[in-house]
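Please read the structure below before turning to the comments.
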Amino acid sequence: MVVVMAPGATDEQVAHVVEKVESVGGEAFVSKGVVRTIIGLVGDIDSFHHLNLRTLPGVADVHRISDPYKLVSRQHHPERSTVWVGRPGREVPIGPDTFTFIAGPCAVETADQTLEAARMAASAGATLLRGGAYKPRTSPYAFQGLGVTGLKILADVGELTGLPVVTEVVDARDVDVVVEHADMLQVGTRNMANFGLLQAVGRAGKPVLLKRGMTATVEEWLMAAEYIAQRGNLDVVLCERGIRTFEPATRNTLDLSAVPVVQSTSHLPIIVDPSHAAGRMDLVVPLSRASIGAGADGVIVDVHPDPETALCDGPQALHGTALRELAQAVRRMPPLLGRAPAADRSRSG
Ligand code: PEP
Ligand code: MN
């Protein structure tokens, strides 16, 4: 931590800061410039926070140098992590050595629709199945998902196709029932800062897919991941899904720079959701290719056997030629960047 004194701060004011820092067991190193004095602090950052250094006379600014998050930071865990999803014998890796393709319907609507979407996903090379049983919709009049019935359908379809299942949980009270039916819990963009929910999924004992809040900075997103990690769960995968900007041409603006930025500061894997970023099927393939190029550890996309009848997000659901194109990109591009398709890796491999 660095304290920047205001121009003209007196020696007494500098000495007062040093005294305060030493009173909590820290060390203060004073450097006097021509105009300004700065004080470098070494010691326990949390105890410095309690000093409210910014309020002391003569202090202009206080900067942190280390990350505000710890458990998810690469400063404390330099190796990038791999998160394994699914029960033993069927585990799928998400991490730096592989590329993981996740696909499925936006929402579970019927058993047939979910099974058909899962088969489309599997034949395109997906190794994890997505599908929403609890849908956090902007409008209270829109389809809200089938709830527990949807979870049962997903679990059955996962069983039939051999694909581990990731599904969203929107309420801390539903965590137990979702854990019973799914292999990975998703926290959506609207709940990234729902700290009670983050703590509940942190205690759930299953991997978590944490989407970026649509108005969250990378740092706020990593702090949200820290809430989960702090409850003992380091199996967190981050998902960039687009942020709100002034640009209306796409539903959200896909922030692909978040991929290398996150990878340089956090050890957690990061995947991209081009479907919810773009909101348009024709953009999903190019944005997926760009995600692979940016170094993402995977992509998660919506597919639907009949997008025209979809109860949620039909316009962005892949099918037909576009899905075949994506399957090809996902098979061919990651190996060029030194990544194996997740399908080729087992826990021991
Ligand atoms: C979803 O993946 O179904 C979803 C609702 O995504 P997001 O939270 O990114 O909008
Ligand atoms: Mn959706």
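The values are calculated or read from the model by the stated rules, or taken from the named source; none is laboratory data. Computed from a prediction, not measured in an experiment: that's the story for all the values here. Reconstructed Cβ throughout: ideal geometry from the backbone, glycine too, with neighbour counts over all protein chains shown. Accessible surface areas use protein heavy atoms only, side chains included; no ligands, DNA or RNA. Shrake-Rupley method; radii C 1.70, N 1.55, O 1.52, S 1.80 Å.
When the residues of the stretch 108-132 are filtered to those that are more than 20 Å from the chain's Cα centre (by Cα) and within 16 Å of ligand 1 (Cβ to nearest atom), the one that is surrounded by the fewest Cβ atoms within 10 Å (Cβ to Cβ) is Q113.
For the criterion of being in contact (Cβ under 8 Å) with a residue 24 or more places away in the chain, touching a Leu at 6+ places or on another chain (Cβ under 8 Å) and under 22 Å from A103 (Cβ atoms), A182 passes.
Exactly one residue out of R190, R251, R241 is under 30 Å from D156 (Cβ atoms), open to solvent by 30 Å² or more (accessible area, probe 1.4 Å) and either acidic (D, E) or at pLDDT 95 or above (or both), and it is R190. Count of the stretch 193-211 residues, restricted to those that are farther than 18 Å from G131 by Cα and open to solvent by 10 Å² or more (accessible area, probe 1.4 Å), is 9.
When the residues of the stretch 306-325 are narrowed to those that are more than 16 Å from ligand 1 (Cβ to nearest atom) and in a helix (DSSP H, G or I), which ends up most open to solvent (accessible area, probe 1.4 Å)? Filtering the stretch 306-325 for residues that are more than 16 Å from ligand 1 (Cβ to nearest atom) and in a helix (DSSP H, G or I), the one most open to solvent (accessible area, probe 1.4 Å) comes out as E308.
Close contacts from the stretch 60-81, counting a first residue that is among the charged types (D, E, K, R) and a second that is assigned to a loop (DSSP other than H, G, I, E, B), with Cβ to Cβ under 7 Å and a gap of 6+ residues or different chains, come to R64/M1; D67/Q75; K70/H76; R74/H267; E79/H267; R80/G95; R80/P96; R80/H267.
So is M281 over 21 Å from A216 (Cβ atoms), open to solvent by 10 Å² or more (accessible area, probe 1.4 Å) and within 16 Å of ligand 1 (Cβ to nearest atom) or not? Judged against the criteria, M281 is a match.
For the residues P88, P93, the requirement of being in the same structural domain as M192 (by TED's automatic domain parsing) and under 18 Å from the mean Cα position of the chain (by Cα) singles out P93. Cβ-Cβ contacts under 6 Å between residues 6 or more apart (or on different chains), taken from a first residue in the stretch 236-258 that is under 22 Å from G314 (Cβ atoms) to a second residue that is more than 15 Å from ligand 1 (Cβ to nearest atom) and at pLDDT 95 or above, are listed as T253/T245; T253/E247. Candidates in the stretch 133-144 are the residues that are touching a Phe, Trp or Tyr at 6+ places or on another chain (Cβ under 9 Å) and under 22 Å from V284 (Cα atoms); of these, the one that is surrounded by the most Cβ atoms within 10 Å (Cβ to Cβ) is K135. Can we say L115 is within 30 Å of P136 (Cβ to Cβ) and either free of Cβ contacts under 8 Å to residues at least 60 places away in the same chain or in contact with a His (Cβ under 6 Å, 6 or more places away or on another chain) (or both)? Against the criterion (within 30 Å of P136 (Cβ to Cβ) and either free of Cβ contacts under 8 Å to residues at least 60 places away in the same chain or in contact with a His (Cβ under 6 Å, 6 or more places away or on another chain) (or both)), L115 qualifies. For the stretch 163-187, filtered to residues that are among the aliphatic types (A, V, I, L, M) and under 15 Å from the mean Cα position of the chain (by Cα), the residue that is surrounded by the fewest Cβ atoms within 10 Å (Cβ to Cβ) is M184. Within the stretch 38-58, the only residue that satisfies the criterion of being under 13 Å from Q13 (Cα atoms), open to solvent by 20 Å² or more (accessible area, probe 1.4 Å) and part of a strand (DSSP E or B) is I38.
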